[in-house]
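Structure, as structure tokens:
The values are calculated or read from the model by the stated rules, or taken from the named source; none is laboratory data. In this text, all values refer to a predicted model and were calculated from it rather than measured experimentally. Here the Cβ positions follow ideal geometry from the backbone for every residue, glycine too, while neighbour counts run over all protein chains shown. Calculation scope for accessible area: heavy atoms of the full protein, side chains included, ligands and nucleic acids excluded. Shrake-Rupley method; radii C 1.70, N 1.55, O 1.52, S 1.80 Å.
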Amino acid sequence: MASDLIIIKFGGSLITYKSKLCTPNLDAIQKICILVTKLINLGKKVIVVHGAGSYGHIKAKRWRLSEGFIPDLNGQLSGLNEVREDMKNLNDLIINHMRNNSIDVETYRPHENGKGIGIKYKFSDYFDEIINSNKVPVVYGDVVESDCGDNFGILSGDDICEILTLNYRPKHVIFAIDGADGILEDPNSDNSIVIKQYIIGTKINTIEVENDVTGGMELKIIRASNCLKSGSKVSIINGNKIDMIINSVLGLDYLGTELVLKKR
């Protein structure tokens with residue numbers, strides 16, 4: 001396990017306004033830059049993963065991209081190209097903000113560099129090149145080609161976290177979300193309590209998120225659980241509270257959810 005490596009995934013609902021087409025949350029993106037700078041100053045190597053938010057989910061749902069190629073759906077391939085271009089624009093925005101904050105970053109664009117849908121995606125050697133260059137790799141959820149045939153499908157940011165955890169064995173994987181301080185006991189309640197320690201496999205209540213095409217909190221927990229099984233510490237934390245993320249990295253008390261194999 002890489003003792004200084006952290007994978008942090010910034011959810012699409014954190015970095016964009018998910019109900020407004022292609023609308024970034026610039027305040028949240030600036031907080032990301034501050035957080036990554038602090039982690040680097042703590043001597044950590046960081047891999048940044050980000051979601052699609054309103055740059056991907058709205059059109060992806062309209063064009064049913066998670067279902068693959070549908071011959072009778074006129075305009076689907078144009079919609080596919082639109083989503084890829086919108087995601088590139090979001091990534092460029094994030095990259096530019098990070099560079100303006102003196103962070104040395106390099107983008108890995110999944111659909112240009114590898115193939116395979118979901119956790120079957122295979123990263124190309126280019127990702128290793130970025131890691132070895134000591135730049136901060138930035139990779140994002142994308143619409144990618146299948147590893148067999150001419151089909152395509154979704155590679156979510158949460159899928160990416162599981163794949164990279166298996167490949168690089170980070171010490172800590174952090175899912176930075178919006179709208180909650182972690183996994184909630186009852187997300188349908190306005191006064192729900194955050195689950196401080198979530199025992200993987202435990203049944204929880206989840207809510208369906210409008211325009212989501214990547215499985216929502218339910219799939220996130222599955223991917224996060226698999227990261228834990230690989231030996232990494234795994235936390236789900238409100239991405240707006242960067243002090244809590246720093247505390248989790250330092251081993252201090254923090255507001256959020258830590259995944260565990262059994263109650264400690």
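Please label the shape of segment 53-117 as rounded, prolate or oblate, based on the square roots a ≥ b ≥ c of the eigenvalues of the alpha-carbon gyration tensor (a/c under 1.5 means rounded; beyond that, a/b larger than b/c means prolate, else oblate). Prolate is the answer for segment 53-117, as a/c is 1.5 or above and a/b outweighs b/c. Taking every DSSP helix (H) stretch of at least 4 residues in the chain, weighting each as -39,500 (n - 2.57) and dividing the sum by the residue count yields a mean residue ellipticity at 222 nm of -11000 deg cm²/dmol. Between Asn188 and Asn81, the FRET efficiency from the beta-carbon distance, with R0 = 35 Å, is close to 0.40. With the convex hull drawn around the C-alpha atoms of segment 1-83, the volume per residue stands at 103 Å³. Counting 0.36 nm for each residue step from Ser133 to Val260 and taking away their Cα separation leaves a gain of 42.4 nm.
Of the residues Ile245, Ile237, Ile70, the one that moves most in a GNM of the chain with alpha-carbon contacts below 10 Å is Ile70.
So, by mean Cβ neighbours within 10 angstrom, what's the order for 10-16, 127-133, 169-175 with the highest one leading? Walk me through the intermediate numbers first.
Values: 10-16: 26.3, 127-133: 14.9, 169-175: 23.9.
With the highest mean Cβ count within 10 Å placed first, the list reads 10-16, 169-175, 127-133.
With θ taken as phi - 60° and the Karplus curve 6.51 cos²θ - 1.76 cosθ + 1.60 applied, the whole-hertz 3J(HN,Hα) list for segment 34-40 is 5, 5, 4, 4, 5, 5, 5 Hz, x standing for glycine and proline.
Which of Lys31/Lys262; Lys38/Lys203; Lys59/Lys229; Lys122/Lys196; Lys9/Lys115 have a Cα-Cα distance over 31 Å? Please list the in-between numbers first.
Numbers: Lys31/Lys262 33 Å; Lys38/Lys203 35 Å; Lys59/Lys229 34 Å; Lys122/Lys196 33 Å; Lys9/Lys115 21 Å.
Flagged as over cut-off: Lys31/Lys262; Lys38/Lys203; Lys59/Lys229; Lys122/Lys196.
Accessible area per residue for the chain is 46 Å², calculated with a 1.4 Å probe on protein heavy atoms, without ligands, DNA or RNA. To put it simply, the accessible area of segment 121-264 at a 1.4 Å probe is 47 percent carbon and sulfur. For the pair segment 3-79 / segment 118-171, the C-alpha centres are spaced 14 Å from each other.
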